[in-house]
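Trainee: Structure below; questions to follow.
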Amino acid sequence: MSAAPGFVKRFLRLLTRPLRAPLKTLLRWLVRQLSTRFADEIMPLNELAKQVAALSARQDGQEGFHWDHAALAKRMATLEDHLEQLLQRPRGPDEDAIVDESSVPRPVIRFKPSGEAGTMAPLAHERQYRWERSA
Amino acid sequence: MRILVLSNLYPPDYIGGYELCCRQVVDGLLGRDHDVRVLTTTPRVPCPAEEHIDRSFKLTNCYDAYCILRSQRMTRRMWEASGNLVDAHNVQILLTALEEFRPDVVYLWNIAGIGGLGLLGCLHQLRFPWVWYLGDCVPRMLCSPGKRLLPVIAEEFSRQIRGYYMPVSQRVVQEIEAAGVRLKGVIDTMPNWILGEQPAPRRHYYSKGRPLRIVSAGQMGRHKGIDLLVEAARLLKDRGYDNFSIDLYGKVTDPTVFPLPAEHGVADRVFFRGACSQQELVGRYADHEFDVFAFPTWEREPFGCAPLEAAAYGCVMVMTQSCGIGEWFVHGVHCLKAERSAEAFAAAFQGILDGRTDLEPLGRRASAAIWRDFHLDALLPRIEQALESAADQPRTGASTPEDTYRLALLAERLTTVLVQGENAATTAA
């Protein structure tokens, strides 16, 4: 495609010269109008972006909480399995018998095998208790 | 039981935890008198011959970033297709192994890069029982050559493939299914594990006033949150805390993270210690060289073995609140969890430095739970149970090996034609 001859360009420029000033004014007005309108729209957009960021952070927090809850449930299930195994374990024949630990120098806390109220007592008290009972 | 293990890589040729875990389980199963054979790829490093390991599979060039980045688009597409979709050569190797070894069950590991869908399709055609250890979103990867999910393949996978999946976290399952690949059959979530002998309980934990020794290990890249750690160090320093150090062990996979400590003015607090063997790291944890293991990894981390190993020795985990390992430990009971941001991690460290967070109960509980419930010896019976349960499945409707191989050849040719057609269309456009 060949370029327009120089005189044609000059002629067109001459024709549009009187229109330039009003066109510039019109364009300035348009730009001002547009920027005002966009400013009105950009402000809510910024607000929305902030809200989205806050919601996203909240969602992440919720997700973290969800996985923490899943972890809690898994740990509880594992511990329940261990407890069940302990409860299912066959008891030894002497497990219920009172063992005289008077030779043990350290203070030992024992459960009385009877299962009565106030069942925890230091060894010394237990010995006293047994004497009282036997008497 | 006769178990055939399929894995794309196998130590000493390995990339990360997936392959190391595979070896640990295989050794564990061998130790429990199972007949195990491993079918893996021709090694990329010299490997001694081992009786139970067959390295006949062909690995597609999917882990060599240098070659991938410099190859033609068409070559790349062909690699992706043969690595993820079908490789008839590998199907033939699998058929031969099934014929010769006659396993009761096939134990799948990472099958990306060896035509994983073809191998899975082969097992499906033969109605062979399998258990698939999902240490990552491998089914999604297989259905997404070129990182674009192929809806038709995803749909067919969801419709036809049924088996026993052992994902390391529910997050992995969610990520696979969110992409449009549904897992049918049994989904039995099982964590990663530790090995070794339980040491004596740790006696000294961090106390206020002493320097806080933070460690992190793994790939040194932004996806593992190394940039966040450096930024957290800067925040702490800005707030007047100077009695802490961060040691980073591992290969720097992202060169942009290396200058970060100097850029943030914390080069005297954050140190890149380079790659370190697993044994050496465990030795450091056992010597109680660190108080805290920081793990600001991305949310899609399937599990994360490194913090587990550290926590076994009383080094308290501070991790991203939504990563895979977070599904197994409770915040404030066994570990500390934080939002994946420098600010949140700095706040967690600040709490420890101020003495508001006591590390001892966290470390003690986590260590006890890990040695009791996360040791391979405790998990192996569950793995055996899963393998036995899968092996008991009926094999009705099984096809013949000949027909299966014909199908594999057909699928491979079809894939080639489709990739070439797509390439021609792109070039013309």
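A short reminder: the numbers here are calculations on the coordinates, not readings from a lab. Bear in mind that the values here come from a model prediction, so they are computed numbers and not experimental data. No Cβ is skipped: glycine too gets one built from the backbone with ideal geometry, and neighbour counts run over all protein chains shown.
Trainee: Enumerate the calculated ³J(HN,Hα) couplings along the range B:333-345 in order (Karplus 6.51 cos²θ - 1.76 cosθ + 1.60, θ = phi - 60°), each rounded to whole Hz, writing x wherever the residue is Gly or Pro.
Mentor: 10, 10, 7, 10, 10, 9, 4, 7, 8, 4, 4, 5, 5
Trainee: A further question on this structure: If you average the alpha carbon positions of the range B:270-318 and of the range B:360-429, how far apart do those two centres end up, in angstrom?
Mentor: Answer, in whole Å: 28.
Trainee: For the residues B:319, B:220, what sequence is obtained by ranking on other C-beta atoms within 10 Å, fewest first? Provide the component values of the computation, followed by the final result.
Mentor: Details: B:319 28, B:220 22.
Neighbour counts put them in this order, fewest first: B:220, B:319.
Trainee: Sticking with this structure for a sec: Which three semi-axes in whole Å describe the equivalent ellipsoid of the range B:236-323, each the square root of 5 times a Cα gyration tensor eigenvalue, listed largest first?
Mentor: On the way: eigenvalues 91, 53, 45 Å².
Semi-axes (√(5λ), whole Å): 21, 16, 15.
Trainee: For the range B:103-115, just list the computed ³J(HN,Hα) in residue order, Karplus coefficients 6.51, -1.76 and 1.60, θ = phi - 60°, integers in Hz, with x standing in for Gly and Pro.
Mentor: x, 7, 8, 9, 10, 8, 10, 7, 10, 7, x, 10, x
Trainee: Further, regarding this structure: Reported to two decimal places, what Rg/Rh ratio describes the range B:36-83 when computed on Cα atoms with Rh from the Kirkwood expression?
Mentor: Radius of gyration relative to Kirkwood radius: 1.10.
Trainee: Further question on the same structure: I need the Kirkwood Rh of chain B: take the reciprocal of the average 1/r across all distinct C-alpha pairs and report it in angstrom. Each step should come with its number before you reach the end.
Mentor: On the way: mean 1/r = 0.0433 Å⁻¹.
Taking the inverse mean of 1/r over all distinct Cα pairs, chain B comes out at 23.1 Å.
Trainee: Bins of 10 Å, beginning at zero and ending with the bin holding the largest distance: percent of Cα pairs per bin for the range B:317-429, please.
Mentor: 11, 20, 16, 13, 19, 16, 5
Trainee: Between residue A:56 and residue A:21, how high is the FRET efficiency from 1/(1 + (r/R0)^6) when r is the Cβ-Cβ distance and R₀ = 60 Å? Nearest 0.05. Numbers along the way, then the final one.
Mentor: Details: r = 51 Å, r/R0 = 0.85.
Computed FRET efficiency for residue A:56 and residue A:21 comes out at 0.75.
Trainee: Give me Rg over Rh for the range B:82-206, both radii from the alpha carbons and Rh done the Kirkwood way, two decimal places. Walk me through the intermediate numbers first.
Mentor: Numbers: Rg = 17.3 Å, Rh = 15.9 Å.
The Rg/Rh ratio comes out at 1.09.
Trainee: Kindly flag which residue pairs out of B:58/B:184; B:58/B:147; B:147/B:337 have an alpha-carbon separation exceeding 26 Å in this structure. Provide the component values of the computation, followed by the final result.
Mentor: Details: B:58/B:184 28 Å; B:58/B:147 21 Å; B:147/B:337 30 Å.
Long pairs (Cα-Cα over 26 Å): B:58/B:184; B:147/B:337.
Trainee: I would also like to ask the following. Report, ordered by chain and residue number, the aspartates and glutamates lying within cross-link reach of residue A:74, taken as a straight Cα distance under 16 Å and ignoring same-chain residues fewer than 8 apart.
Mentor: A:84, B:188, B:327, B:373
Trainee: Further question on the same structure: Given the range B:212-374 reduced to its alpha-carbon atoms as identical point scatterers, what log10 I(q)/I(0) does the Debye formula return at q = 0.11, 0.13 Å⁻¹?
Mentor: The Cα Debye sum returns log10 ratios of -0.38, -0.53.
Trainee: Taking the Cα centre of each part, how many Å lie between the range B:1-77 and the range B:236-256?
Mentor: Answer, in whole Å: 34.
Trainee: Sticking with this structure for a sec: How long, wide and thick is the protein assembly as shown, going by the Cα atoms along their three principal axes, in whole angstroms, largest first?
Mentor: Projected onto its principal axes, the Cα set of the protein assembly as shown covers 136, 70, 44 Å.
Trainee: Could I ask something else about it? Over chain B, what is the relative contact order in percent, taking alpha-carbon pairs closer than 8 angstrom and at least six residues apart?
Mentor: Working: 785 pairs, mean separation 70.7, N = 429.
Rounded, it is 16 percent for chain B.
Trainee: Right, here's the next one. Between B:270, B:105, B:417, where does the largest GNM mean-square fluctuation fall for chain B, given springs only between Cα atoms within less than 10 Å?
Mentor: Looking only at B:270, B:105, B:417, the biggest GNM fluctuation is shown by B:417.
Trainee: Run the numbers for residue B:238 and residue B:33: contour at 0.36 nm per residue of separation, minus the present Cα-Cα distance, in nm.
Mentor: Values: separation 205, 0.36 × 205 = 73.80 nm, distance 5.82 nm.
Going from the current span to full extension adds 68.0 nm.
Trainee: Where is the GNM fluctuation largest for chain B (alpha-carbon springs, 10 angstrom cutoff): B:90, B:192, B:243?
Mentor: Comparing B:90, B:192, B:243 in a Gaussian network model of chain B, the most mobile one is B:243.
Trainee: Quick one: 3J(HN,Hα) in Hz for the range B:362-368, Karplus 6.51/-1.76/1.60 with θ = phi - 60°, rounded, Gly and Pro as x.
Mentor: Taking θ as phi minus 60°, the curve returns 5, x, 5, 5, 4, 4, 4 Hz for the range B:362-368.
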